[in-house]
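Just below is one structure, and these are the notes that go with it.
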Amino acid sequence: QVQLVESGGGLVQAGGSLSLSCAASGRTFSSYTMAWFRQAPGKEREFVAAISRRGYSTYYAESVKGRFTISRDNAKNTVLLQMNSLKPEDTAAYYCAAGSNSGTTDSLEYQYWGQGTQVTVSS
């Protein structure tokens, strides 16, 4: 089993930056595609970014492209989400996820999930 724990959320003004971290334990970290999703109250869970097993490929939602960067360090079993130029519409609970299929943006294709970390962006 894989356990995922997110950290780094908080309150930030519009235009500011936050860095989220996901620490993984359990099954071999490098065997999984890693992704970030987010969910705001009253909205569906939304894909944010994903990174392939060895970090060669990354994928981003159009809404965050150019502002967010996903990266991973397999030696440390961590995945990061650097968020810059934050907007109020980025406000959501952010979740780290691990899946055995590469490149997918579908939340149903991820088997393991963290408990989430709240990001709030004030105008």
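Any idea how many residues of the range 91-123 are among the polar types (S, T, N, Q), out of contact with any Phe, Trp or Tyr (no Cβ under 7 Å at 6 or more places or on another chain) and part of a loop (DSSP other than H, G, I, E, B)? Even if it seems obvious, please write down each step before you answer.
Of the range 91-123, the ones among the polar types (S, T, N, Q) are 91, 100-102, 104-105, 107, 111, 115, 117-118, 120, 122-123.
So of that shortlist, the ones also out of contact with any Phe, Trp or Tyr (no Cβ under 7 Å at 6 or more places or on another chain) come out as 91, 101-102, 104, 111, 115, 118, 120, 122-123.
With part of a loop (DSSP other than H, G, I, E, B) added as a condition, the list becomes 91, 101-102, 104, 111, 115, 123.
Summing the residues that are among the polar types (S, T, N, Q), out of contact with any Phe, Trp or Tyr (no Cβ under 7 Å at 6 or more places or on another chain) and part of a loop (DSSP other than H, G, I, E, B) in the range 91-123 gives 7.
Return the only residue of Val12, Val5 being open to solvent by 60 Å² or more (accessible area, probe 1.4 Å) and on the phi < 0 side of the Ramachandran plot. The conditions single out Val5. All conditions in (1) farther than 17 Å from Val121 by Cα; (2) aromatic (Phe, Trp, Tyr); (3) in contact with a helix residue (DSSP H, G or I) (Cβ under 7 Å, 6 or more places away or on another chain) hold for Phe37, with the sole exception of (1). Within the range 35-58, residues that are open to solvent by less than 60 Å² (accessible area, probe 1.4 Å) sit with their Cβ atoms under 7 Å from residues that are of a type in the set (S, T, N, Q) and part of a loop (DSSP other than H, G, I, E, B), at 6+ positions apart or across chains, in these pairs: Ala40/Thr91; Phe47/Thr105; Ala50/Thr105; Ser52/Ser102. For the range 24-79, the tally of residues that are over 12 Å from the mean Cα position of the chain (by Cα), part of a loop (DSSP other than H, G, I, E, B) and of a type in the set (A, V, I, L, M, F, W, C) stands at 2. The number of residues in the range 81-123 that are more than 20 Å from Gly55 (Cα to Cα) and open to solvent by 70 Å² or more (accessible area, probe 1.4 Å) comes to 6.
The values are calculated or read from the model by the stated rules, or taken from the named source; none is laboratory data. Source: prediction; values computed, not measured. Positions of Cβ are backbone-derived with ideal geometry, glycine not excepted, and every protein chain shown enters the neighbour counts. The area values use the complete protein model at the heavy-atom level, side chains included, leaving out ligands, DNA and RNA. Shrake-Rupley method; radii C 1.70, N 1.55, O 1.52, S 1.80 Å.
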